[in-house]
Amino acid sequence: MERNESFPAVSFWHDSAKDFQETRNRLETDIHADVAIVGAGYTGLWTAYYLKKNNPALNIVIVEAETAGFGASGRNGGWCSAYLSGIHQWLDDPAWREDGVRLQRLMFNTVADVGQVTRAESIDCHFERSGGLEVAVLPQHMDRLQREIQQLRDLGFSEDDYRFLDAVQVRGKLNVDRALGGIHLSHCAAIHPARLALGLATTVERLGVSVFENSPVLSVNQGLLTTPHGTVKAEVVLVATEGYSDSIKGRARRLIPIHSRMVVTEPLDPDQLSEIGFKQRYCFGNLDRLVTYGQLTADNRIAFGCRGSYQFGSKIRTFHPQDPDFDLVCKTLLRFFPGLSGVAFTHAWGGCMGVTRSLRPAVSFDRNSGMGWAGGYFGNGVGAAHLAGQTLADLVAGHETDRVNTPWVNPPGKLQRWEPEPMRWLGIETRSRLMQWADQAEYRGSRLAPVYDKALEVLFP
Ligand SMILES: Cc1cc2nc3c(=O)[nH]c(=O)nc-3n(C[C@H](O)[C@H](O)[C@H](O)COP(=O)(O)OP(=O)(O)OC[C@H]3O[C@@H](n4cnc5c(N)ncnc54)[C@H](O)[C@@H]3O)c2cc1C
């Protein structure tokens, strides 16, 4: 397995979106705005986009610590999917089921909307609605998959939303080693994440939004953002910093950063492509407990990521491409496509995503204080941040849409904080180890997997 020594600073996606990068000013003075947004990732950018589309006269300012798309939005796996983390908690609860189903249908629409807006705004982010493939390679995976399909049918979702595939049908789409079956997610598109983030930044600027970069917000207060060289006074202040939120004064332990790692191969040649049998740019993964996600890029590379990790004290991790952890990511990809052994990996990077204590995302806005935030997508934020942005824009404008009456909007009660350290680290580490051991036990054919699952159920109900 060969890995190039000269990795770029941020990610492959940033490296291949240089034509989209623009230089923007730092905030150097004290200014006023109607709406001030912290963070130029998808959440901040989509919110600004829909606010401006609703009301072109609004004066909107986005303040970004680094550069637009620097965070998870520029580094992710590029699955623009309808999956909303934690939705099962609503779907499984009879009291919330109907609203959960409605929210899920809004997520279906969101994938189509991202395609429609990027086309309308000429954002060349390689959007291709090829769908997602979750592939079962073990009998235990098949059991989980069949249960999942049955639950989805019971909730009223159809073959057009989620389609069961047998082994032959999976291989007809993608030649995953030892595939026994799979599920095709039709509400899913492959995108180039950094081109979407950077393209959105240019689009909102064209609509009249001011975007300041290299301007870290030091404190967020009602009506006021403070950066090292200037302030923004605004009636409405929205925080869109997801995995980075813990480091902002007064916001500790609400959204903690979980990291994920990715690698990308060199462009595959026609023989390699026919060996793995990609018919379209499917997003693909398997049914391990520790998530795996991949896509074929527009220039025929495989971008692939897996696993999450947490740093003690919610520290944000800087990744070094030579980090041995990346070998595991490469090896996991080769388990899908052993025929690719010998392929060169050109880039390796990581990023962080925000997770709430309830493991559910939220969109929150308080009209009295004018303060709001959205995030906690837990690794599934490409589609979700779009719906969150649309919804925040509705809330700020006071529009009574279908979106604002969904279970993730202003959830009842205060946002629960994570435990202080070391309990937080111990809990997260134990959970992720148990999941890892359960996956490994299944691959070994050991009978221990149900024991680890039981421990997970008891310790983390
Ligand atoms: C490796 C990886 C793979 C992923 N794969 C997928 C996937 O395939 N599909 C999917 O749906 N989701 C995926 N995700 C999750 C998804 O990328 C995120 O949920 C989503 O991008 C979050 O967008 P955001 O705008 O809320 O946050 P971010 O994109 O993280 O943006 C937050 C911004 O706030 C800025 N900021 C931070 N602190 C400050 C401050 N003090 N002042 C000003 N600005 C600040 C940051 O620099 C950053 O630009 C992945 C995430 C990672 C890390």
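The values are calculated or read from the model by the stated rules, or taken from the named source; none is laboratory data. Because the structure is predicted, anything quoted here is derived from the model rather than measured. Every residue, glycine among them, receives a Cβ derived from its backbone with ideal geometry; neighbour counts consider all protein chains shown. Side chains are part of the model used for accessible areas, which takes the heavy atoms of the whole protein and leaves out ligands, DNA and RNA. Shrake-Rupley method; radii C 1.70, N 1.55, O 1.52, S 1.80 Å.
Could you check how many residues of region 193-217 are open to solvent by less than 10 Å² (accessible area, probe 1.4 Å) and assigned to a loop (DSSP other than H, G, I, E, B)?
Going through region 193-217 one residue at a time, the tally reaches 3.
Identify the single condition in (1) among the polar types (S, T, N, Q); (2) farther than 22 Å from H184 by Cβ; (3) at pLDDT 95 or above that S309 does not satisfy, given that it satisfies every other one.
With (1) among the polar types (S, T, N, Q); (2) farther than 22 Å from H184 by Cβ; (3) at pLDDT 95 or above applied to S309, the lone miss is (3).
Out of (1) modelled with pLDDT of 95 or more; (2) over 23 Å from H141 (Cα atoms), the odd one out for R317 is which?
Result: R317 passes all but (1).
Looking at R178, R163, which is the one that is of a type in the set (D, E, K, R), at positive phi and not in a helix (DSSP H, G or I)?
Of the residues listed, the single one that is of a type in the set (D, E, K, R), at positive phi and not in a helix (DSSP H, G or I) is R178.
Select from region 244-285 the residues that are near the ligand (Cβ under 10 Å from one of its atoms), modelled with pLDDT of 90 or more and of a type in the set (S, T, Y) and write down the one among them that is nearest to V382 (Cα to Cα).
S260
Starting from residues that are among the aliphatic types (A, V, I, L, M) and within 16 Å of the ligand (Cβ to nearest atom), keep the ones in region 233-243 and report whichever is farthest from the chain's Cα centre (by Cα).
Among those that are among the aliphatic types (A, V, I, L, M) and within 16 Å of the ligand (Cβ to nearest atom), it is A234.
Yes or no: V168 under 28 Å from N300 (Cβ atoms) and free of Cβ contacts under 8 Å to residues at least 60 places away in the same chain?
yes
Taking the stated definitions as given, is E64 free of Cβ contacts under 8 Å to residues at least 40 places away in the same chain and either open to solvent by less than 20 Å² (accessible area, probe 1.4 Å) or not small (G, A, S) (or both)?
Against the criterion (free of Cβ contacts under 8 Å to residues at least 40 places away in the same chain and either open to solvent by less than 20 Å² (accessible area, probe 1.4 Å) or not small (G, A, S) (or both)), E64 does not qualify.
For region 254-285, give me each residue that is assigned to a loop (DSSP other than H, G, I, E, B), open to solvent by 40 Å² or more (accessible area, probe 1.4 Å) and within 20 Å of V135 (Cα to Cα).
K279, Q280
Which condition number does L27 fail, the rest of (1) more than 14 Å from the ligand (Cβ to nearest atom); (2) open to solvent by less than 10 Å² (accessible area, probe 1.4 Å); (3) among the hydrophobic types (A, V, I, L, M, F, W, C) being met?
That leaves (1) as the condition not met.
With respect to Q416, is the statement that it is touching a helix residue (DSSP H, G or I) at 6+ places or on another chain (Cβ under 6 Å) and either under 26 Å from I60 (Cα atoms) or not hydrophobic (A, V, I, L, M, F, W, C) (or both) true?
Considered against the rule, which asks whether it is touching a helix residue (DSSP H, G or I) at 6+ places or on another chain (Cβ under 6 Å) and either under 26 Å from I60 (Cα atoms) or not hydrophobic (A, V, I, L, M, F, W, C) (or both), Q416 comes out as no.
Tell me which of these D246 doesn't satisfy, since it passes every other one: (1) in contact with a strand residue (DSSP E or B) (Cβ under 8 Å, 6 or more places away or on another chain); (2) in a loop (DSSP other than H, G, I, E, B); (3) crowded, with 16+ Cβ neighbours inside 10 Å; (4) of a type outside the set (A, V, I, L, M).
Every listed condition holds for D246 apart from (2).
Please work out which one of (1) more than 26 Å from Y443 (Cα to Cα); (2) open to solvent by less than 30 Å² (accessible area, probe 1.4 Å); (3) among the aliphatic types (A, V, I, L, M) is the condition V135 fails and give its number.
Going through (1) more than 26 Å from Y443 (Cα to Cα); (2) open to solvent by less than 30 Å² (accessible area, probe 1.4 Å); (3) among the aliphatic types (A, V, I, L, M) one by one, V135 breaks only (1).
When region 359-388 is examined, which residues are found to be of a type in the set (S, T, N, Q) and within 15 Å of the ligand (Cβ to nearest atom)?
If the condition is that a residue be of a type in the set (S, T, N, Q) and within 15 Å of the ligand (Cβ to nearest atom), then S364, N380 are the ones that fit.
Inspect region 218-240 for any residue being at pLDDT 95 or above and part of a helix (DSSP H, G or I) and give the result as yes or no.
no
Considering each residue of region 70-99, count those that are closer than 30 Å to A298 by Cβ and part of a helix (DSSP H, G or I), and give that number.
5
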